[in-house]
Amino acid sequence: MPRIPRDAARFEIDVVDDSTASFRFAEARWIRAGAQAYAVDPVHRDALVARLRMISRDSTTARALVTSQVARLTSAHFLLMVRPPTPWWRSPRFWGGALLGAATGVGTAAVSR
């Protein structure tokens, strides 16, 4: 199992069915179908309980399918999800560098005339 980062988003499980779990994701609008999640047991220092894959979401609730299980999943467990990386073209660092580079280029061109 890949190491789950400490800053992974943590969600409380609302309902557990035979093979699915439902949870509310509040402001985490980045959750999409196909994303992977890990269920952990907070009583046992976040021991892995199950792996899940998101199958659907509406405006407030998401559903995940249990793909593998170490122990029985219950609503006492929590889901951990890692936020996907931001594409390079949406990064503020990229646009800041592009603006700085353009300003430097215009300034150099103006001075060299």
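Miscellaneous remarks
- In segment 1-32, residue surrounded by the fewest Cβ atoms within 10 Å (Cβ to Cβ) [restricted to those that are small (Gly, Ala, Ser) and more than 14 Å from Thr67 (Cα to Cα)]: Ala26
- When every residue of segment 57-71 is checked against the conditions, none turns out to be surrounded by 13 or more Cβ atoms within 10 Å (Cβ to Cβ), touching a helix residue (DSSP H, G or I) at 6+ places or on another chain (Cβ under 7 Å), closer than 19 Å to Asp14 by Cα and in contact (Cβ under 8 Å) with a residue 40 or more places away in the chain.
- Summed over segment 72-109, the residues that are farther than 24 Å from Arg24 by Cβ, of a type in the set (D, E, K, R) and either surrounded by 12 or more Cβ atoms within 10 Å (Cβ to Cβ) or at pLDDT below 90 (or both) give a count of 1.
- Subset of segment 1-34 [modelled with pLDDT of 95 or more and of a type in the set (A, V, I, L, M)]: Ile13, Val15, Val16, Ala21
- Among the residues of segment 11-34, the ones that are farther than 17 Å from Thr60 by Cβ and either among the aliphatic types (A, V, I, L, M) or in contact (Cβ under 8 Å) with a residue 24 or more places away in the chain (or both) come to 2 in all.
- Per-region count, segment 35-82, residues more than 15 Å from the chain's Cα centre (by Cα) and not hydroxyl-bearing (Ser, Thr, Tyr): 21
The values are calculated or read from the model by the stated rules, or taken from the named source; none is laboratory data. Note that the structure is predicted; figures quoted are calculated from it, not measured. Positions of Cβ are generated from backbone atoms using ideal geometry, with glycine treated the same way; all protein chains shown enter the neighbour counts.
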